[in-house]
Amino acid sequence: MSTTVADVIAATEKLWPPSGAESWDAVGLVAGDLDAPVSRISLAVDAVLDTVQEAIDDRADMLITHHPLLLRGVTSIASDRYKGAVLTKLVRAECALVTAHTNADVVETGTSGRFAAKLGLTDVAPIVMGETPDRGIGRTGMLPEEMTLGRLARLIGEILPATAAGIRVAGEFDQIVRSVALCGGAGDAYLNDPAVLAADVYITSDLRHHPASEARENARLMRGPALVDVSHWASEWLWLEAASDELRALLPEVTISVSELRTDPWDFAVVQ
Ligand SMILES: [Zn+2]
């Protein structure tokens, strides 16, 4: 009996229960037949033309991505547009597509949990509590030792895969930090969360001008964290390695690989 798409779905639901997903999210099987055999799986943050082509070239029977390809209304899957082209390629190659998104963010070993572990944080707790005390969105914790904000930024740079925009910091290079709040992916929704306000530094992605500026101005008047803005893709790519290990333990007969293609959309930056 070979492993089927349904068997892999069961494994993913054990690791990342769909009940943990946000109500607006779309997780699980996006394309493919439940009874199709699976001997090879590729993992990526995004289902884009390059990661899909790589999975097909590797003869993967399934691509598991963190981000949902289909979230908002779609009225065409014609292949002259990105989403249609991606779906057409996958269906033609009989490569299933599965998403594990916010349901994979909330678990202990999810995107933020993985980032916290890579930084060596202790006393780790979610920023926003989920179904159980060890599950939830984002993480807070303590660095193993106090360090300057500049050194922390360099440490983050060593942990994350390289991207064009690098790592941006709001705060003094030499200020000492120890307590950390972090959220893999876009975390500006938690800038005013008490757990984030109480931290020395908040690490997240996609910080826009107004929320970041407001947070920094408030930090000058009250208490608030320094900000470290990293690549959204890089912060979540870290999770793929942990996810592949966990899947391998449940599906030892399946070959599982992690895509190293950079799907961060920015290609280069100039330093002024
Ligand atoms: Zn994300």
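Just so you know, all these numbers are worked out from the coordinates, no wet-lab data involved. Note that the structure is a prediction, hence the values are computed from the model and not measured. Cβ placement follows ideal geometry from the backbone for every residue including glycine, while neighbour counts extend to all protein chains displayed.
Listed by chain and number, the lysines whose C-alpha is less than 26 Å from the C-alpha of K118, apart from same-chain residues fewer than 8 away, are K14. Simple point charges give the picture: +1 on the Cβ of Lys and Arg, -1 on the Cβ of Asp and Glu, and for region 5-103 a dipole about the Cα centre of about 200 debye. In a DSSP loop and with at most 16 other Cβ atoms within 10 Å, the GluC sites (Glu not before Pro) in region 96-202 are E131, E172. For region 77-110, trypsin sites (Lys or Arg not before Pro) meeting the loop criterion (DSSP other than H, G, I, E, B) and having at most 12 other Cβ atoms within 10 Å: R81. Counted by Cβ distance under 13 Å from I176, the other residues give a net charge of -3, where Lys and Arg count +1 and Asp and Glu count -1. Under the convention that each Lys and Arg Cβ holds +1 and each Asp and Glu Cβ holds -1, the size of the dipole of the chain around its Cα centre is about 420 debye.
Cross-link reach is defined here as a Cα-Cα straight distance under 20 Å, omitting same-chain residues fewer than 8 places apart; for K83 the aspartates and glutamates meeting it are D25, D33, D46, D50, E54, D57, D61, E94, D264. Build a GNM of the chain with springs between Cα atoms under 10 Å apart, and of T99, T255, T109 the one that fluctuates most is T255. With kT/(6 pi eta Rh) evaluated at 10 °C and eta = 1.306 mPa s, and Rh the Kirkwood radius from Cα pairs, the chain diffuses with a coefficient of 82 µm²/s according to Stokes-Einstein.
Extents of region 5-103, taken as max minus min of Cα coordinates on every principal axis and listed largest first, are 35, 31, 22 Å. Placing unit charges on the Cβ atoms of the charged side chains and taking the dipole of region 5-103 about its Cα centre, the candidate lying farthest along the positive direction among S19, V38, A78 is A78.
Applying a DSSP loop filter and a limit of 16 other Cβ atoms within 10 Å to the trypsin sites (Lys or Arg not before Pro) in region 168-268 leaves R208, R223.
Taking S257, S235, S19 in turn, the Gaussian network model of the chain (Cα-Cα springs below 10 Å) assigns the largest fluctuation to S19.
Taking the DSSP beta bridges with both ends in the chain, the antiparallel portion is around 45 percent.
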